[in-house]
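Reviewing the structure listed below.
The values are calculated or read from the model by the stated rules, or taken from the named source; none is laboratory data. The model shown is predicted, which means the values in this text are computed figures rather than measured ones. For neighbour counting, all protein chains shown are included, and Cβ atoms are generated from backbone atoms with ideal geometry for every residue, glycine included. Protein only, heavy atoms only, side chains kept; ligands, DNA and RNA dropped before computing areas. Shrake-Rupley method; radii C 1.70, N 1.55, O 1.52, S 1.80 Å.
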Amino acid sequence: MPDKSFVRWLDELEHRYLSDLNFSEVRRAVQALSSLSVERRDRVDFASAFSGAGKRAAFAMYFGPLHFLLITEIVRALHARVPKDTDILDLGCGTGVAGAAWALELQSEPKVIGVDRNPWALQECKWTYHQLGIHGLTRNAEIKTLRPPAHTGVI
């Protein structure tokens, strides 16, 4: 059962995106993104996945929460713990839900470092961290050229 912070986050997502779009616009965008990721996954340019307000809303409101719940269950099933004073490095963080889900499952409240190359995704990631009370920061970087933090306390 999702906790209160998750439910509040969902409410805020709805308020954030459905103030400018209606449900049917978001539903069509969910279908379009599903088609992109399933039928054309071998040639998807994820920059185009965030090309319109509807697709961004679909990604944030539909796929984000599903991914959050999936990661939460994986962390629970694997008893995936992070040593105290260790950060979580979330590569290709998107809206930040994976790192946030993992951090919320832990007693130690680690810092989450979200790394992505898409400016919209990084803004959404910051918003997600703020809404869920995660101590996190974001970095705009290409994975190929990324240099991990110098200290060893990063998972």
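Measuring nothing but protein heavy atoms, the accessible surface of the chain at 1.4 Å probe radius is 54 percent carbon and sulfur. Taking Cβ atoms as reference points and 13 Å as the exclusive limit, the residues near Cys125 contribute a net charge of +1, counting Lys and Arg as +1 and Asp and Glu as -1.
A simple rule links phi to the HN-Hα coupling: the Karplus curve 6.51 cos²θ - 1.76 cosθ + 1.60 with θ = phi - 60°, which for region 7-22 gives 5, 4, 4, 4, 4, 5, 4, 4, 4, 4, 9, 8, 6, 10, 10, 9 Hz, with x for Gly and Pro. Between amide H atoms placed 1.01 Å from N, distances below 5 Å from Lys111 occur with Ile88, all of them 5 or more places distant or on a separate chain.
The slack in the chain from Arg147 to Lys84, taken as 0.36 nm per residue of separation less the alpha-carbon distance, amounts to 20.4 nm. Measure nothing fancy, just the Cα-based angle from helix 119-132's long axis to the longest principal axis of the chain, in degrees from 0 to 90, nearest 10. The helix 119-132 is inclined about 60 degrees to the chain.
Helical content alone sets the calculated 222 nm signal of the chain at -15500 deg cm²/dmol, taking -39,500 (n - 2.57) per DSSP H segment of four or more residues and averaging over every residue. Kirkwood analysis of the Cα pair distances in the chain returns a hydrodynamic radius of 16.2 Å. Compare His130, His67, His15 in a GNM of the chain, Cα atoms joined below 10 Å, and give the one with the largest fluctuation. Top of the fluctuation ranking is His15. Once the 1.4 Å probe is applied to the protein heavy atoms, the chain comes out at 61 Å² accessible per residue. Once the Cα atoms are used to define both axes, helix 23-39 deviates from the longest principal axis of the chain by about 70 degrees. Mean projection of the Cα convex hull over all viewing directions, computed for region 80-155: 4.6 nm². The calculated P(r) of region 54-100, using every Cα pair and 5 Å bins from 0, goes 5, 20, 23, 24, 16, 6, 5, 1 in percent.
Could you tally the net charge around Ile113, taking each other residue with its Cβ under 13 Å from the Cβ of Ile113, Lys/Arg +1 and Asp/Glu -1? Residues close to Ile113 contribute a combined charge of +1.
Beyond 24 Å in Cα-Cα separation lie the following of the pairs Lys55/Lys111; Lys4/Lys111; Lys55/Lys126: Lys55/Lys111. Distance between the C-alpha centres of region 1-30 and region 80-155: 22 Å, rounded to the whole angstrom.
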